[in-house]
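Readers should treat all values here as calculations from the given coordinates under stated rules, not as data from a laboratory. Computed from a prediction, not measured in an experiment: that's the story for all the values here. Counting neighbours? That spans all protein chains shown, and the Cβs are built from the backbone with ideal geometry, glycine included.
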């Protein structure tokens, strides 16, 4: 096996386990609600805490990735994730579940960014859209696992055993990182912590960054937030599907996500060769994703598998923005640019998951069942936010003055 292939597979396995840990509460939600008596708001907070922890780690993570490299940073943080899975397996109350979820969020916070950083280091720049899409696709297999496979496993074992299995898988990835991935000697400028913080400040003052971040935050926040928790309840309460049928639709959406991630990377590369920018392709994909959501919310007379297949297929469009933004900044800032965008993305997912939970809790509800109107209103609000962010995304930027890079063009 080629070294680059091996490196890619190991780092993408980390993102797979991150996605599995992120979405595992979806099939477990009915069990946690009944066994531990969690309300919709508590369930939303528990699940969204992963995104909060993930987002909070992104800025220091960018500095660590650029300073120490993706291999060492990811391996060390995954040990925390393994501890979080063990804590979750032994939890007997809401507080212990929160602690385990927090550790899982912090521990897997580097999985995507370390993978993207490794791709920048090990692959040619013209392959970045394709490889970024590929790592996102493998993460999507983790989303597939949270559907029918986890539902099947719950028929023969308990949710506590599943968390132990997750811990074992994480430790196997740590071992592979230490034994099978060599250090990549990257010639990046050495700088002090103060200089690195100034670089972060420059990124967050960039008009290019802030033209892109709001739509990625809204679009990917909805995709991850709904897919990771509220898709199952929506299919049950609004579409009136059985638990088994809902699990199959969630798994199908995960498969569609895999195809969409790979396909969008392939398509973006081809369109670039025809002079169409990554920014344009990513934006078009996110607007089409809004259309797919609108069809679901309006109850379009189409099969559920088709509607949610489109949801999964188009939901990964925002990942193209990573490759587009990285190209606007110097190479040594790749980690901090990516983690800055991920901070926005996962902050959006936190707001969506917790916000949907609060809104569902505001309507009269029964154990394990929520009002259909609450589902639709929650999603309608999210669509309006995406539309406003989309209008901002489409605006033209002022051309920078002579001698000033577009990345430094202040907002």
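Odds and ends about this structure:
- C-alpha long axis of helix 25-36 to longest principal axis of the chain, angle in °: 40 degrees
- Region 194-211-region 224-247 distance, computed between alpha-carbon centres (Å): 39 Å
- Residue-span extension gain [residue 194 to residue 380] - 0.36 nm each, minus C-alpha spacing: 62.7 nm
- Computed helical MRE - 222 nm, the chain, DSSP H runs ≥ 4 contributing -39500 (n - 2.57), nearest 500: -25500 deg cm²/dmol
- C-alpha long axis of helix 243-273 to longest principal axis of the chain, angle in °: 20 degrees
- From the coordinates shown, Kirkwood radius over Cα pairs in Å corresponds to which of (1) 24.6; (2) 21.3; (3) 22.6: (2)
- Pair residue 369, residue 242: separation of 7 Å Cα→Cβ label points (nm): 1.6 nm
- Packing-based ranking, highest mean first, of 115-128, 27-40, 206-219 given that Cβ atoms within 10 Å are counted: 206-219, 115-128, 27-40
- The modelled label-to-label distance between residue 67 and residue 169, using points 7 Å beyond Cα along the C-beta direction, is 3.2 nm.
- C-alpha long axis of helix 128-145 to longest principal axis of the chain, angle in °: 20 degrees
- For 138, 63, 203, the sequence from fewest to most other C-beta atoms within 10 Å is 63, 138, 203.
- Each Cα pair under 8 Å and six or more residues apart adds its sequence gap; the mean of these over the residue count of the chain is a relative contact order of 28 percent.
- In this label model, residue 34 and residue 362 are separated by 3.0 nm, measuring between points 7 Å along each Cα→Cβ vector.
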